[in-house]
Amino acid sequence: MPSPSVDPKIAIIGAGLSGLTLALALHQRGLTNITIYEGRNESLDIGGAIMLSPNALKVLDALDIYARLRPLGFEFESLDFRQSDNTPVDTFEFGSFIKYGYKALRVYRYEIIDILHELVREKEGITIEYGKKFARVISEERGVTWEFSDGSEASASFLVGADGIHSQVRKHIYPDLEPRFTGAIGVTAAVPTAQLNLPTNYSTPVTIMNREHGAFVISQQLRDGSECLIGKQRRFQTDLSKQGWVEMLENKDWCIDFLREGAENFPDLVKNAVSDIPKDKINLWPFYVVPKLDTWVSRGSRVVILGDAAHAIPPTAGQGVNQAFEDVYTFAGVVAALSKKGELHQTVLAEGLRNWQAGRQVRIDKVLELNGMIDKRRMPKAVSEGKEEEEIGEFELTWLYDVDLEQMVVQWAAPKVKSWNPCSLFR
Ligand SMILES: Cc1cc2nc3c(=O)[nH]c(=O)nc-3n(C[C@H](O)[C@H](O)[C@H](O)COP(=O)(O)OP(=O)(O)OC[C@H]3O[C@@H](n4cnc5c(N)ncnc54)[C@H](O)[C@@H]3O)c2cc1C
């Protein structure tokens, strides 16, 4: 006889955007025995504001986050690309109320995190433990047991690694894998929009490209657009240690020089942008990627990675965090659909998770393909020499923004295991 049903305990490592949103998505689907373990004393707040596209906003809407978030962000529909003399190159759609039901939203990460915390506090059955740094999985027999860096141990039916690009949980599945430095960095800051003296009808976000000095990004933020992110991305050959990057970020004068370098080769608004840079909102973003992984699920099917831990991708199409939101929503849907009376059937779940990961990888691959197409189109003419000029037109992005995640959940969760043996349940 199986024991009386209790909710399986689900442990999430990392209280970042993926981890917190995952807890809410699982809870909404009726799984209510969730503990989030965060290594820091508070959730990670890096990089200022982020851009959210309709595929992610749909998830945030379904989880009652969007209505609280929208009033805090700057809405826009597209990103412009220009040459260094300000000539328009092309426009990349990032949202559309008419086509997808949502404009894109640029909002500070801490605002999202605050709302996620607020919502988590309102739910019974989600606990967050801070200062608990996951170290290693001890066993995957009858549940999963792991150790924290303070030497303490914990167990659950299931462990999800939402611990970001440098994931320690990933080491359980890929002990030797390290993220790869792409050889490019970005430095950003925030200045009052008025300082730029933008020409009339000049639309942001805009990326102004200069072959020699990199790409300069300008993006209005805050609800009223009164603040501008300014940022520059360019090649940087040296891969530094974690401490090395921290020291570089702490050297605010170096960061300001990086932003100012070559400004005279850009339009006046860039010169205006870098004329006075406050030191308090400077960020440094070394671009790392996680190589394509064969699986995001451990051999015992009790440990799963998602978000940046599973697929940190280049920022080209702005899909990093947006894809993470797709992960967590569909993961919660599949797990909930395959849990019966609060218990998780190991074999059925393992198959559902394989389907989920394969389906999610298809989406990630398409985003990577899109990144490649964008890069190719923006390549300076001299570099694409000899190849036929691609016709400039809009990218077809309906597949990305108008996604039916519920349908995907139904498809991925359809169990193909015929017999449902209650003796092999996750508890
Ligand atoms: C400067 C910058 C700007 C960005 N801008 C954008 C943008 O505009 N649009 C976009 O789509 N993406 C953007 N990204 C990428 C985006 O931030 C990531 O895709 C996103 O944060 C991934 O979320 P995550 O929750 O998976 O990981 P993270 O945000 O990295 O969160 C991981 C969490 O796990 C915790 N953790 C780590 N290790 C452990 C451990 N061992 N034990 C316990 N807890 C642990 C961390 O402290 C953290 O709270 C940006 C990134 C940076 C660095």
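Filtered by the rule that a residue be of a type in the set (S, T, N, Q) and under 15 Å from R377 (Cα atoms), region 88-100 gives a lone residue, T91. The residues of region 169-197 that are assigned to a strand (DSSP E or B), of a type outside the set (A, V, I, L, M, F, W, C) and within 11 Å of the ligand (Cβ to nearest atom), listed by number, are G186, T188. When I34, I12 are checked against the criterion of being within 28 Å of N283 (Cβ to Cβ) and not small (G, A, S), I12 stands alone in meeting it. Every test in (1) within 12 Å of the ligand (Cβ to nearest atom); (2) more than 12 Å from A15 (Cα to Cα); (3) under 23 Å from the mean Cα position of the chain (by Cα) is passed by G161 save one, and that test is (2).
From the list N272, N322, the lone residue that is within 16 Å of the ligand (Cβ to nearest atom), within 30 Å of Y202 (Cα to Cα) and touching a residue at least 12 places away in the same chain (Cβ under 8 Å) is N322. Among the residues making up region 302-319, those that are part of a loop (DSSP other than H, G, I, E, B) and either within 9 Å of the ligand (Cβ to nearest atom) or surrounded by 21 or more Cβ atoms within 10 Å (Cβ to Cβ) (or both) are R302, L306, G307, A312, I313, P315, A317, G318, Q319.
Report whether or not V297 is over 15 Å from V367 (Cβ atoms), more than 16 Å from the ligand (Cβ to nearest atom) and assigned by TED's automatic domain parsing to the domain that holds S157. It is true that V297 is over 15 Å from V367 (Cβ atoms), more than 16 Å from the ligand (Cβ to nearest atom) and assigned by TED's automatic domain parsing to the domain that holds S157. The set of residues in region 46-65 being within 12 Å of the ligand (Cβ to nearest atom), farther than 22 Å from G225 by Cβ and surrounded by fewer than 24 Cβ atoms within 10 Å (Cβ to Cβ) consists of I46 alone. Residue pairs whose Cβ atoms lie under 8 Å apart, separated by 6 or more positions or on different chains, with the first residue in region 26-45 and over 16 Å from H117 (Cβ atoms) and the second within 16 Å of the ligand (Cβ to nearest atom) and of a type in the set (D, E, K, R), are G39/K132; G39/K133; G39/D163. Taking region 180-225 as the region of interest, how many residues are over 22 Å from E93 (Cα atoms) and surrounded by fewer than 19 Cβ atoms within 10 Å (Cβ to Cβ)? Count: 12.
The values are calculated or read from the model by the stated rules, or taken from the named source; none is laboratory data. Because the structure is predicted, anything quoted here is derived from the model rather than measured. Don't worry about glycine lacking a Cβ; one is built from the backbone with ideal geometry, like all the others, and counts go over all protein chains shown.
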